[in-house]
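Okay, structure first, notes after.
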Amino acid sequence: MSSTTARISEILQVLQVNNLTILTFLEGVLSSREHEHSAAQEDIIRDAEFMCESLYQHPKTRPNVLSWAMVTVRTQLCNEIKELAHERHGLRFRATSTTSEQLEAMLTVLLSIWPSCR
């Protein structure tokens, strides 16, 4: 058994003994206010994109990652559209009295946020 494999096995055993999953461990580290956990928090934050990429690249986790990403992007886009359409932004209008200029302005705004959803 390689050194890395042995260390992974030891860590997994410690997690199991402490009734922790990898997810509960990550969540615990990220939500911790203990100073001694700050280095681990910084590692997770710094490597979050690479963790996502690793999960995406693995054939067994790719479908779940894709599904999560699509739902997340769709939710974010909907939230942005709702926010932009709020009356405090002056973009709210009534369908029965909307002019073509208003529709064109709303479409322009919606298209302008599209790149942020990619």
Practice prompt. Please find the FRET efficiency linking residue 56 to residue 31, where r is the Cβ-Cβ separation and R0 is fixed at 25 Å, and quote it to the nearest 0.05.
Written response: 0.55
Worksheet item: Tell me, what is the 1.4 Å probe accessible area of residue 70, in Å² to the nearest 10?
Response: 130
Worksheet item: What length, rounded to one decimal in nm, is gained on full extension from residue 67 through to residue 107, with 0.36 nm per residue of separation minus their alpha-carbon distance?
Response: 11.7 nm
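The values are calculated or read from the model by the stated rules, or taken from the named source; none is laboratory data. This structure is a prediction, so every number in the text was calculated from the model and none was measured. All Cβ positions, glycine included, derive from the backbone under ideal geometry; neighbour counts span all protein chains shown. Heavy atoms of the whole protein, side chains included, go into the accessibility calculation; ligands, DNA and RNA do not. Shrake-Rupley method; radii C 1.70, N 1.55, O 1.52, S 1.80 Å.
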